[in-house]
Amino acid sequence: MKPATHLSLPGITVTKTGLEGDIPPPDAYTALKRFRNVTTATRWIIGDLAWAAIDHDPKRVPELLQNIAEWDIDDRPALMASLLVAHRFPVETRHENLSWSHHKEVAKFDDTDAHYWLGRADHEKWSVHRMRETIRETRALTAPEQTEAIPKPWHTEHRAAVREISELFARQPDATVLLSSDGTWKTV
């Protein structure tokens, strides 16, 4: 059996290097909606295969990276994200109606929070953007109130101190300096 060299959708032909022919806007929108599922499945598949390749042992990630270094499979950050999200959410815990990106968005949360937000996003049919915004808004409302102003990380005193320290280093390259948050400094 000869393997397929392209994927066809009504009015669209997808080849290894892109799309063939002119695509009317309505067909493009239909294809975008369908390909969204292909994209999320691809992220899961890459993550699941990478996880299986290291026999589900996170200590073997360097081995994986070394073994596939010459492949044009993914860039390292994308591959690691796929691997980590697949590891974080085993197949039986994934929400089929949500994208890989929904899961990635809450992968850093503890299990209870992650599953709460995924369940809510699934039930309310949220986009990743809407889920992210709702989480941000909820966390802002529940965050402890700031009792004192947060100091600016860089102010006039710091500039003056850095200028003085630069002059010191020009005279004494081996000097050691301790800079305080209030802009004061001393040599140690």
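Each reported figure results from applying straightforward, stated rules to the coordinates on display, with no laboratory input. Owing to the predicted nature of the structure, the values given are computational and were not obtained by experimental measurement. Ideal geometry is used to build each Cβ from the backbone, glycine not excepted, and the neighbour counts take in all protein chains shown.
A few points about this structure:
- Convex hull of Cα atoms in segment 1-88, direction-averaged projection (nm²): 7.8
- Label separation (Tyr29 vs Thr13): 2.6 nm, computed from points 7 Å beyond Cα along the C-beta direction.
- For segment 95-141, the square roots of the Cα gyration tensor eigenvalues, ordered a ≥ b ≥ c, give a/c of at least 1.5 with a/b no greater than b/c, which places it in the oblate category.
- Karplus-derived 3J(HN,Hα) values for segment 63-77, using 6.51 cos²θ - 1.76 cosθ + 1.60 with θ = phi - 60°, are 4, 4, 4, 5, 5, 10, 4, 8, 7, 8, 8, 5, 7, 4, x Hz; glycine and proline are entered as x.
- If the chain linking Asp110 and Asn37 were pulled fully straight, counting 0.36 nm for each residue of separation and taking away their Cα-Cα distance, it would gain 23.6 nm.
- Counting other Cβ atoms within 10 Å as a rough exposure proxy, the listed residues Val38, Val106 run Val38, Val106 from fewest neighbours to most.
- The H on the amide N of Arg94, modeled in the peptide plane, is under 5 Å from the matching H of no residue at least 5 residues off or on a different chain.
- Estimated inter-spin distance, Leu141 and Asp22, nm [label 7 Å along Cα→Cβ]: 5.0
- From most to least packed by mean Cβ count within 10 Å, the peptides 23-32, 83-92 give 83-92, 23-32.
- Among Asp122, Asp110, the ranking by other beta carbons within 10 Å of each residue's beta carbon, starting with the fewest, stands as Asp110, Asp122.
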